[in-house]
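Heads up: the structure comes next, in structure tokens.
The values are calculated or read from the model by the stated rules, or taken from the named source; none is laboratory data. Note that the coordinates shown come from a computational prediction; the quantities given were computed from them, not determined experimentally. Positions of Cβ are generated from backbone atoms using ideal geometry, with glycine treated the same way; all protein chains shown enter the neighbour counts.
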Amino acid sequence: MEIIRSLQEMQLKSLELIRQNKQIGFVATMGFFHEGHTNLMKRAKQENDIVVTSIFVNPLQFGPSEDFEQYPRDEQQDTTVAEQVGVDYLFLPEIQDMYPTPLIISMNIEDRADVLCGRSRPGHFEGVITVLSKLFHIIQPSKTYFGMKDAQQVAVVDALIKDLNFPIELIPVSTTREKDGLAKSSRNVYLTNKERQEAPQLYGALNKGRKLVVDGETNTDIIVKEVMDVINNHTSGRIDYVELLSYPQLEPVSVVNRPVVLAVAVHFNRARLIDNLLFDEYGNLIKQI
């Protein structure tokens, strides 16, 4: 595995690989790898000649009251993990290289960003699409891989690729979970022992909501209330949101009569956890857009 820190070097390497007719699979991350990240890399390894993984904690994604400085980092461990998985190039750009001067051109999102996490994190997804546009131009992958744990991010990346005509195939990958159902996340390390025992209830609540649809319930309000009741009654967390929206459009629905995402975000003491399930009007799980 080769580690590249220079934008220019990464770009030249990508151009060289493309001239050799190599297909590049790309996994964009903020590091502190867990099994969710490695599953993305393994999938990319299966489907491409070359795998490039980036680690960049993007300051544009963090609001003034969010945890940019506290975001967990472990470059040495991440390097070891990436090499073990079989990543070919690990791209580790610096902030001053990615953003050498204040941005003159800003990117805005007209849809899909003002619900779910985007509602309480203004500017977050603008930061996501800005850094991804830069990374896509630098690396020029054929395919890019994102975990469905952040279904809103996948929907936004889907729009970015289509709207700006990036010649890239988006591959959504199912959420990686612990044995008890908790979605794997870099922020799980901040849970207390008691919170860690409670956290799987988020997945349990989502499954209860989906089962209502399987059993014939279509009223969005009833489904959302049942999910909230499970979280409120079985965890000490504070609900940020429980929403049921069309997918990937992320538009409100009053009845479940099309593919939807049932999503939750819950604040614990030091960790904000998100999770979701995608399913059709019959409650059948959907794994891809």
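Remarks
- Filter pass, Val266 being touching a residue at least 24 places away in the same chain (Cβ under 8 Å), surrounded by fewer than 19 Cβ atoms within 10 Å (Cβ to Cβ), among the aliphatic types (A, V, I, L, M) and in contact with a Gly (Cβ under 9 Å, 6 or more places away or on another chain): no
- Of the helices (runs of 4 or more DSSP H) that lie entirely inside region 1-95, those containing 3 or more residues that are exposed (fewer than 14 other Cβ atoms within 10 Å of the Cβ) span 7-19, 75-85.
- Of all the listed residues (Gln46, Gln84, Gln8), the sole one being under 19 Å from Leu170 (Cβ atoms) and not aliphatic (A, V, I, L, M) is Gln46.
Here's the yes/no breakdown for (1) assigned by TED's automatic domain parsing to the domain that holds Glu66; (2) of a type in the set (A, V, I, L, M); (3) within 21 Å of Ser185 (Cα to Cα):
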{"site": "Lys225", "(1), (2), (3)": "no, no, no"}
{"site": "Val230", "(1), (2), (3)": "no, yes, no"}
{"site": "Thr235", "(1), (2), (3)": "no, no, yes"}
{"site": "Ile239", "(1), (2), (3)": "no, yes, yes"}
{"site": "Glu243", "(1), (2), (3)": "no, no, yes"}
{"site": "Leu250", "(1), (2), (3)": "no, yes, no"}
{"site": "Leu262", "(1), (2), (3)": "no, yes, yes"}
{"site": "Ala265", "(1), (2), (3)": "no, yes, yes"}
{"site": "Asp275", "(1), (2), (3)": "no, no, yes"}
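- Once region 146-175 is narrowed to residues that are small (Gly, Ala, Ser) and in a helix (DSSP H, G or I), the residue that is nearest to Ala265 (Cα to Cα) is Ala151.
- Given (1) more than 22 Å from Val115 (Cβ to Cβ); (2) assigned to a helix (DSSP H, G or I); (3) not basic (Lys, Arg), number of the condition Met228 does not satisfy: (1)
Yes/no per residue for (1) among the β-branched types (Val, Ile, Thr); (2) more than 16 Å from Arg272 (Cβ to Cβ):
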| position | (1), (2) |
| --- | --- |
| Leu170 | no, yes |
| Thr175 | yes, yes |
| Asp180 | no, yes |
| Ser185 | no, no |
| Thr192 | yes, no |
| Glu198 | no, no |
| Gly204 | no, yes |
| Leu212 | no, yes |
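- Scan of region 96-122 for residues that are surrounded by fewer than 18 Cβ atoms within 10 Å (Cβ to Cβ), modelled with pLDDT of 90 or more and small (Gly, Ala, Ser), ordered by number: Ser106
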